[in-house]
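Every number here is computed from the coordinates shown, using simple stated rules; none is lab data. Not measured: the values here are computed from a predicted model. Please note: Cβ atoms are built from the backbone with ideal geometry, for glycine as well, and neighbour counts cover all protein chains shown.
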Amino acid sequence: MGQPIVRLQDVTKKIGSRTIIDKLTLDVPSGEVFGFLGPNGAGKTTTIRMMVGLMSITSGDILIDGHSISNQFEKAIRHVGAIVENPEMYKYMTGYQNLIHFARMIPGITSHRVREVVSLVGLDARIHDKVRTYSLGMRQRLGVAQAILHNPKLLILDEPTNGLDPAGIRELRDYLRKMAQQEGVAVFVSSHLLSEMELMCDRVAIIQNGRLIDVRTVQSTDKAVIARTLFEVDRPEAALEALAASELTGTIEGAGNIAVEGDKLFAAQVNELLVRSGIKVFGIRAEIKSLEDQFLEMTGGEGIG
Amino acid sequence: MADFMNLIRNENMKMFRRPRLFVMLGIIVGLVIVFSGVWFSVDKGESAMWEVVITETMFLYWIITIFAAIASASTVAEEFSSGTIKMLLIRPWSRSKILLSKYISSLLFALFFAVAFLASLMLVNWILFDLLGNGTVDRLSDVMGVSNIEYLFKYYGLLFLGTMMTVTISFMLSTVFRSSILAIATALFIEIVVNNFMQLLAFVKYKWIDYVLFVHLDLTKYVGGNEYNGMTLGFSLAVLGVYYVLFMVLTWYIFNKRDVAA
């Protein structure tokens, strides 16, 4: 992981007396896909708007590649590509004209690059049609195209999978991962699609009511911290007794199963103990808590506050 | 700085590449043809071409101002209503420069229509009254003592200053309220109500009336000389200038301050 591309320092946004965002502090290094999770109304889009200078910051600062978005806007935004909310385009122009429009605003984008991006997002066949004829998925692709035109160091995508079909989602996921790994782009993705974030992101921040609740690394299966392990055994009661003798606890889960809480190493130790106690273990199955479970646990399924 | 030209090119692309351009052009050319045609059939081509050109300008020019005001009202407001303002403002350009490119492009649009209007007037009336008609008397130059072209350019120059002012007001309103309807309605109000009734107001003997913006929007009253009803062209321009600076400062200040949540 490289140095932080984007750095949020005690970012606070107040509208009137309401605090929308409360002292948010985050770092996203280059080469990372960073997920920004939260229920509706948590402040995801407000944060993104402040990151791209569409909204002023009440206190605190956002640095992008070392430049403050509030004081050095033009330098800071130079390396940012973004879709904020929906990818709105000029509907009365063609997709290509839209891209030319945005390409003109940043020096050094050749028409060759525009065509390259068009085929990258798979719009070659329809790029010269008016945007009003596009489906939501095609607009989303065009949105991604305008965001990556200038090879940004930071890519900010607000709900990027909205309107994409499963194949499109997978394609986007692979592309974002590739951008992060091969070109060192920091990708900042907001979403409420938790399972999607799990597949896409390296780290995930969870916010609720404008406050950062947690930042965590998305675990691959072999490193999961919180896990339950199910053992299929011949005598569950005897197995629990054996555990209790070593001051461990387990529960009976259905017929012939016991469950223990702990990591992978702990599961191996339990297995050893059971086998030594003469209990036949037919199967061991790890239950990883999904991000979704963790998320709902943390936000407590609370309503919009 | 060459890059700033790209912003203006973008704005022009959004201004001109739309069906409304052809509708507006069609209305203008159509009106000129109908007006001149009726005139021609009534007086059998006796009138001088220049007279027809000036008279039709007096009757029809306000449409140019309305079209220019519509275009300038939509240039900012439409970006907000369609949400594209977000895409526009996240580029390495300050908001002031983006707004300036929009303002310049609004003025260019107004200029384009004023020129198109004058050109179609000249062409249609030249064909009707000069080629086909038998009007030989060049009344305008007799009366005014200046050559027709010079008079015409002076007249259009004064007209266009008024248009610029209306475009600026419309631009300001659409930036401040993000509503093109309000801006367009105001422009219509200025053109129809103000230009017809404000001339009367100018005769009321209160000193403050001399400083009301609307009294000065129609500058063509100075075309024959530098004084009109106790006011000079210089005075009118000074009053307009003060309002202009005020409007521009307000427009830019608000656009820079605004949180974009569209």
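Any chance you could list P(r) for the range A:89-213, counting all Cα-Cα pairs in 5 angstrom bins from zero, rounded to whole %?
Cα pair-distance distribution for the range A:89-213, in percent: 2, 10, 20, 22, 20, 13, 8, 4, 1, 0.
If packing is taken as the mean number of other Cβ atoms within 10 Å per residue, what is the order of A:47-55, B:222-230, B:154-162, highest first? Please list the in-between numbers first.
On the way: A:47-55: 24.1, B:222-230: 13.3, B:154-162: 18.8.
Descending mean neighbour count gives A:47-55, B:154-162, B:222-230.
Rounded to whole Å, give me the distance from the Cα center of the range A:241-282 to that of the range A:33-103.
First find each Cα centre; the distance between them is then 51 Å.
Compute the distance in nm between two label points, each set 7 Å from the Cα along the Cα-to-Cβ direction, one at A:Glu183 and one at A:Asn86.
The answer from the label model is 2.7 nm.
Sort B:Phe171, B:Phe153 by Cβ crowding within 10 Å, fewest neighbours at the top. Provide the component values of the computation, followed by the final result.
On the way: B:Phe171 27, B:Phe153 13.
The fewest-first ordering by Cβ neighbours comes to B:Phe153, B:Phe171.
I need the helices of chain A that pass two filters: whole DSSP H segments spanning 27 Å or more by Cα along the axis, and mean Kyte-Doolittle score no lower than 1.6.
Helices meeting the span and hydropathy rule in chain A: none at all.
Which Cα, out of B:Ile181, B:Phe59, A:Ala239, lies furthest along the positive dipole direction of the protein assembly as shown (beta carbon charges, K/R +1, D/E -1)?
B:Phe59
Rounded to the nearest angstrom and ordered from largest down, what semi-axes does the equivalent ellipsoid of chain A get from its C-alpha gyration tensor (root of 5λ)?
Values: eigenvalues 412, 106, 56 Å².
Ellipsoid half-lengths, sorted descending, are 45, 23, 17 Å.
Could you state the number of Å between the C-alpha centres of the range A:167-189 and the range A:121-150?
After rounding, the separation between the Cα centres reads 17 Å.
List the trypsin sites (Lys or Arg not before Pro) in the range B:202-243 that DSSP assigns to loop (not H, G, I, E or B) and whose Cβ has at most 15 other Cβ atoms within 10 Å. Which are they?
Sites meeting the loop and neighbour criteria: B:Lys205.
Membrane-span-like helices in chain B: DSSP H runs reaching 30 Å or more (Cα, own axis), mean Kyte hydropathy at least 1.0? Before the final figure, lay out the partial values.
Numbers: long enough: B:19-43 (36 Å, 1.88); B:49-82 (46 Å, 1.09); B:95-125 (45 Å, 1.52); B:148-177 (43 Å, 1.11); B:233-257 (36 Å, 1.52).
Length and hydropathy pass: B:19-43, B:49-82, B:95-125, B:148-177, B:233-257.
Looking at chain A, which longest stretch skips every one of the GluC sites (Glu not before Pro) that is in a DSSP loop with at most 12 other Cβ atoms within 10 Å, leaving the sites themselves out?
Values: sites that count: A:Glu247, A:Glu302.
Result for the longest clean stretch: A:1-246.
Could you work out the relative contact order of chain B? I mean the mean sequence separation of Cα pairs under 8 Å and 6+ apart, divided by the number of residues, in percent.
Numbers: 266 pairs, mean separation 70.0, N = 262.
Over chain B, the number comes to 27 percent.
Taking a ≥ b ≥ c as the square roots of the Cα gyration tensor eigenvalues, with a/c under 1.5 meaning rounded and otherwise prolate when a/b beats b/c, else oblate, which class fits the range B:2-257?
Working: a/c = 2.32, a/b = 1.44, b/c = 1.61.
Verdict is oblate for the range B:2-257.
How do B:Thr65, B:Thr75, A:Thr25 line up, fewest other C-beta atoms within 10 Å first? Intermediate results must be reported in sequence, preceding the final value.
On the way: B:Thr65 27, B:Thr75 24, A:Thr25 12.
Ascending number of Cβ neighbours within 10 Å: A:Thr25, B:Thr75, B:Thr65.
Based on DSSP H runs of at least 4 residues, each adding -39500 (n - 2.57), what is the mean residue ellipticity at 222 nm of the protein assembly as shown after dividing by all its residues, to the nearest 500 deg cm²/dmol? Don't skip to the answer; put the middle values down first.
Working: 20 runs with 292 residues, N = 567.
Estimated from H runs of four or more residues: -17000 deg cm²/dmol.
Using unit Cβ charges (K, R positive; D, E negative) and no other charged atoms, how large, in debye to the nearest 20, is the dipole of chain B about its Cα centre? Mind showing how you got there, number by number?
Details: 19 positive and 17 negative charges, 270 e Å.
Computed about the Cα centre, the dipole is about 1300 debye.
Do any GluC sites (Glu not before Pro) in the range B:24-96 lie in a DSSP loop with no more than 15 other beta carbon atoms within 10 Å, and if so, which? Walk me through the numbers on the way to the answer.
On the way: sites: B:Glu46, B:Glu51, B:Glu56, B:Glu78, B:Glu79; in loops: B:Glu46.
Hits after loop and neighbour filter: B:Glu46.
How crowded by other chains is A:67-75, given as the mean number of beta carbons from other chains within 10 Å of each beta carbon?
Average neighbour count from other chains, rounded to a whole number: 1.
Where the only charges are on Cβ atoms (+1 Lys, Arg; -1 Asp, Glu), what is the dipole of the range A:4-218 about its Cα centre, to the nearest 20 debye? Numbers along the way, then the final one.
Working: 26 positive and 22 negative charges, 98 e Å.
So the dipole magnitude of the range A:4-218 works out to roughly 460 debye.
Tell me, what is the percent relative contact order of chain A, built from C-alpha pairs under 8 Å that lie six or more residues apart? Walk me through the numbers on the way to the answer.
Numbers: 581 pairs, mean separation 61.0, N = 305.
Relative CO of chain A lands at 20 percent.
Counting partner chain Cβ atoms within 10 Å of every residue's Cβ in A:83-94, what's the average? Before the final figure, lay out the partial values.
Values: counts 3, 8, 4, 2, 4, 9, 4, 11, 2, 7, 4, 1.
The shielding value for this peptide is 5.
In whole Å, what are the extents of the protein assembly as shown along the principal axes defined by its C-alpha atoms, from largest to smallest?
125, 53, 39
Could you list A:Phe73, B:Phe235 so that the one with the fewest beta carbons within 10 Å of its beta carbon is first and the one with the most is last? Before the final figure, lay out each step's value.
Numbers: A:Phe73 20, B:Phe235 16.
With the fewest neighbours first, A:Phe73, B:Phe235 line up as B:Phe235, A:Phe73.
For the range A:227-288, just say rounded, prolate or oblate: build the C-alpha gyration tensor, square-root its eigenvalues into a ≥ b ≥ c, call rounded for a/c under 1.5, and beyond that prolate if a/b exceeds b/c, oblate if not.
On the way: a/c = 1.39, a/b = 1.15, b/c = 1.21.
Rounded, since a/c falls under 1.5.
Find which of B:Ser236, A:His150, A:Ser119 sits farthest along the positive direction of the dipole of the protein assembly as shown, computed with +1 on the beta-carbon of Lys and Arg, -1 on that of Asp and Glu, about the Cα centre.
Comparing the listed Cα positions along the dipole, B:Ser236 ranks first.
Just tell me how shielded A:99-105 is by partners: mean number of partner chain Cβ atoms within 10 Å of each residue's Cβ, no decimals. Don't skip to the end; give the middle numbers.
Values: counts 0, 4, 9, 5, 2, 8, 12.
Partner Cβ neighbours, averaged per residue: 6.
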